[in-house]
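The values are calculated or read from the model by the stated rules, or taken from the named source; none is laboratory data. No experiment lies behind these values; they were computed from the predicted model shown. Glycine also receives a Cβ, built like all others from the backbone with ideal geometry; neighbour counts cover every protein chain displayed. Keep in mind that these areas ignore ligands, DNA and RNA; they rest on the heavy atoms of the full protein, side chains included. Shrake-Rupley method; radii C 1.70, N 1.55, O 1.52, S 1.80 Å.
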Amino acid sequence: MADAPNQLNTLLAPRYLFQFCVPVRPQKPIWSAKGVALSEKHRLPDLAGLDRETPASERRFADVRMAWAPEGLAFWVDVDGKQQAPWCRETRLDESDGFHVWIDTRATHTIHRASKFCNRFIFTPAGGGRGDAEPLADQLLINRARENARPVRPRELQVVAKTTKTGYRLAAFVPAVAMTGYDPTQQTKMGFNYAVVDRELGLQTFANGPAMPFDEDPSCWATMELVS
């Protein structure tokens with residue numbers, strides 16, 4: 001079958017050829033009972049733009065922002081363009097619409113199997129509470145990990161969300177205690193990747209997409225530098 005018009009025929013997704021280092025700016029206060037509102041300066045770049053016009057190209061449908069503080073990491077996600085309600089199930093988090101995050105507090109990009117410093121979290125705009133209408137936050141295991149991260153305690157992870165006519169807005173907080181090795185005074189770089197999963201709109205990723213095993217291999221993640 002011939003390539004689609006104007007589509008570049010590449011053996012590897014262009015993103016895979018680079019090791020990215022992205023600055024993460026601070027925020028104070030980092031979290032409140034109402035969540036967090038992050039500004040334009042906290043928006044993460046569109047690294048997947050390098051894959052446009054290739055078979056690895058992804059649709060961009062989410063604005064993702066990130067901030068840090070000694071207390072932990074905060075995220076703000078705005079998903080737009082939906083015509084259906086988010087599909088979220090507490091018993092099927094791996095398959096639910098939402099925001100998936102991978103964090104390596106040691107930024108060890110030379111390993112291919114996760115260590116105890118590697119964490120995976122998921123935040124969904126619905127799926128919990130009465131009528132499955134409340135947002136959820138949980139920790140997920142990383143496939144093939146050499147050693148699992150410390151299990152988070154109930155209510156350590158925080159999330160607030162609001163459904164809109166065309167999507168949802170979600171704010172999430174990962175406290176320092178939930179990330180083994182998180183210490184911005186000693187370690188200002190960390191490995192990081194995210195995936196916004198949506199059954200209707202598709203998949204939006206950061207450092208690497210489904211062409212690579214980004215969900216289990218820390219060498220596929222970007223470097224995030226916590227700047228002042």
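Here are the numbers:
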{"quantity": "Unit charges on C-beta of K, R, D, E only; dipole of the chain, Debye", "calculated": "560"}
{"quantity": "Order by protection proxy (mean Cβ within 10 Å, highest first), peptides 167-174, 122-129", "calculated": "167-174, 122-129"}
{"quantity": "Heavy-atom accessible area order for Y182, Y16, largest first, 1.4 Å probe", "calculated": "Y16, Y182"}
{"quantity": "Scattering profile of the chain at q = 0.13, 0.18 Å⁻¹ [log10 I(q)/I(0), Debye over alpha-carbon scatterers]", "calculated": "-0.74, -1.45"}
{"quantity": "Whole-number accessible area per residue in Å² for region 81-134, which is evaluated in the context of all protein chains at 1.4 Å", "calculated": "47"}
{"quantity": "Bins of 5 Å from zero: percent of alpha-carbon pairs in region 24-143", "calculated": "2, 9, 15, 18, 22, 20, 10, 3, 1"}
{"quantity": "Highest to lowest packing among 194-203, 50-59, scored as the average C-beta count within 10 Å", "calculated": "194-203, 50-59"}
{"quantity": "For the chain: lysine pairs under 14 Å (alpha-carbon distance), excluding those fewer than 8 apart on one chain", "calculated": "4"}
{"quantity": "Extent along principal axes [Cα atoms of region 112-223; Å; largest to smallest]", "calculated": "40, 33, 26"}
